[in-house]
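The values are calculated or read from the model by the stated rules, or taken from the named source; none is laboratory data. Every value quoted in this text rests on a predicted model; they were computed, and no experiment measured them. Positions of Cβ are backbone-derived with ideal geometry, glycine not excepted, and every protein chain shown enters the neighbour counts.
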Amino acid sequence: MENLKASVAQRVILESVAILGVESVKMERSLGRVLAEDIKANRNLPPFDVSAMDGFAVRSADVANPPATLEFIEEIQAGSMPTKTVQAGQCSRIMTGAPMPQGADAVIRVEDTNAVSANSVQFVVAVKPGNYIRPHGEHMHTGDVVLRAGTEITPGVIGVLATVKAAQFSVYRSPRVAILSTGNELEGMNEPVDLNKIPDSNTYAVMAQVQALGIEPVLLGIARDDPAELEQYLKRGLEYDMLLVSGGSSAGEYDFVRPCIEKLGVKMIFWRVQTRPGHPLTFGKTDKTVVFGLPGYPVSSMVTFEEFVLPALRHMMGNQRLHRRTITARLAHPVKTQPGRTEFIRVLLTHTDTGYIVNTTGTQSSGVLLSMARADGLMVVPADCKGLAEGDQVTVQLLDGSTFQENVCYKE
């Protein structure tokens, strides 16, 4: 298949990749992974009715007509149990998280009281039963499924895992990813500066994009434009779950990637997509390895990673939300576009009282990596768009943060 629409290419990719196997990890090493099993509560929480505030445990009937003065009978701290029952005309001082004493049905904050004497307190508000009380089992009950398989492990999820004392559990395996750059024109990081060459930024920009997903990729280096040398690098890369090859996938005389990977048994599924930047993207697979041929231009490489590689990796990791979150914004100035391809324009976002305002980062040349470094997001321009005017509402796909969404934003 050649020259697919962006949304079609995404669908084809996701239909071609599978969730990887399962492994057991310790909670401390699980951030960013995806649960492969349900997690159940091991207790009722709270284990009894507890106070939600520092204050006084009272009988609501005793403070129905404030001000009301009650006898202070004991102090209950979190971690200790009450020893006395609150009778008519009495109250107990209670701390946040401490168990409610028998007889009391409400809590009144310290701020709503006045000290009268060493053993009496005046209450200046009336309350209903249950005021500032966290009821028994409000958070969870023994045996409840508190986290479902497929849940991405965030700091909040870690807190729940710790609450139920899940020290080790099953998660989906992270993909093993290899990154290879190609081209005689490239200058490696450890090579001396040669003004006739181009620094290999693609390896490291894509590396960081992979690392942002919690995956530590393997950097294979730079393969020169020689089929025999390239073949040796590709053989190494095909030992991994995913191989990302930057450059060499176009139709030029020295673009050897596609014939070399086909020679090594990679089934090419598509080449070229209707996007700008990123048109030369290729995709194929073997029985064990997913292969992406990323464009050689730095911006094109990063954008195609965001749109096509990132969702595939998240799917392989067991995630259900695969795509970057999108927001709507108003365009601050006109933007010229070329119909025919879905366009991803690097933009800056400014938040105002009426919503987000969007400006482009300047030149949209695929070779100007600063346009990605400065961008808050990618403005998604439909393929049939003939230009945008100041004030037009646009869709922006965010580049930062860890919030993802289920559906792709394209309207083609």
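The table for this structure:
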quantity: Matching residues in the range 222-235 - criterion: being modelled with pLDDT of 95 or more and loosely packed, with under 15 Cβ neighbours inside 10 Å; calculated: Gln232, Lys235
quantity: Subset tally (residues that are farther than 16 Å from Ala178 by Cβ and either crowded, with 23+ Cβ neighbours inside 10 Å or charged (D, E, K, R) (or both)) for the range 309-322; calculated: 2
quantity: Every residue from the range 337-385 that is assigned to a loop (DSSP other than H, G, I, E, B) and among the small types (Gly, Ala, Ser); calculated: Gly340, Gly362, Ser365, Ser366, Gly367, Ala375, Ala383
quantity: Lys128 part of a loop (DSSP other than H, G, I, E, B), among the basic types (Lys, Arg), out of contact with any Leu (no Cβ under 8 Å at 6 or more places or on another chain) and on the phi < 0 side of the Ramachandran plot; calculated: yes
quantity: Selection within the range 256-267 - farther than 13 Å from Lys235 by Cβ and either at pLDDT 95 or above or in contact with a Lys or Arg (Cβ under 7 Å, 6 or more places away or on another chain) (or both); calculated: Lys267
quantity: Positions within the range 165-200 being crowded, with 18+ Cβ neighbours inside 10 Å and of a type in the set (A, V, I, L, M, F, W, C), in sequence order; calculated: Ala166, Phe169, Val171, Val177, Ala178, Ile179, Leu180, Leu186
quantity: Search result, residues across the range 240-255 that are surrounded by fewer than 23 Cβ atoms within 10 Å (Cβ to Cβ) and either charged (D, E, K, R) or modelled with pLDDT under 95 (or both); calculated: Asp241, Ser250, Ala251, Gly252, Glu253, Tyr254, Asp255
quantity: Qualifying residue in the range 134-142 (condition: outside any helix (DSSP H, G or I), closer than 30 Å to Arg59 by Cα and small (Gly, Ala, Ser)); calculated: yes
quantity: Selection from the range 386-402 of residues that are of a type outside the set (Asp, Glu) and not in a strand (DSSP E or B); calculated: Lys386, Gly387, Ala389, Gly391, Leu399, Gly401, Ser402
quantity: Which listed residue, of Ile222, Ile215, is of a type in the set (Val, Ile, Thr), part of a loop (DSSP other than H, G, I, E, B) and on the phi < 0 side of the Ramachandran plot; calculated: Ile215
quantity: Flag if Ser201 is under 30 Å from Leu369 (Cβ atoms), polar (S, T, N, Q) and under 22 Å from the mean Cα position of the chain (by Cα); calculated: no
quantity: Residue count, the range 1-52 (criterion: closer than 24 Å to His315 by Cβ and touching a His at 6+ places or on another chain (Cβ under 6 Å)); calculated: 2
quantity: Only one of Lys288, Lys263, Lys267 that is of a type in the set (D, E, K, R), over 32 Å from the mean Cα position of the chain (by Cα) and surrounded by fewer than 20 Cβ atoms within 10 Å (Cβ to Cβ); calculated: Lys263
quantity: Enumeration of residues in the range 89-121 that are part of a strand (DSSP E or B) and under 42 Å from the mean Cα position of the chain (by Cα); calculated: Ile94, Pro99, Ala106, Val107, Ile108, Arg109
quantity: Hits in the range 351-398 - residues which are of a type in the set (Lys, Arg) and within 23 Å of the chain's Cα centre (by Cα); calculated: Arg374
quantity: Among (1) in a strand (DSSP E or B); (2) of a type outside the set (A, V, I, L, M, F, W, C); (3) surrounded by 15 or more Cβ atoms within 10 Å (Cβ to Cβ), the one test that Glu75 misses; calculated: (3)
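Yes or no, residue by residue, for (1) at pLDDT below 95; (2) of a type in the set (A, V, I, L, M):
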residue: Phe292; (1), (2): no, no
residue: Met302; (1), (2): no, yes
residue: Glu307; (1), (2): no, no
residue: Met316; (1), (2): no, yes
residue: Gln320; (1), (2): yes, no
residue: Arg330; (1), (2): no, no
residue: Gly355; (1), (2): yes, no
residue: Ser366; (1), (2): yes, no
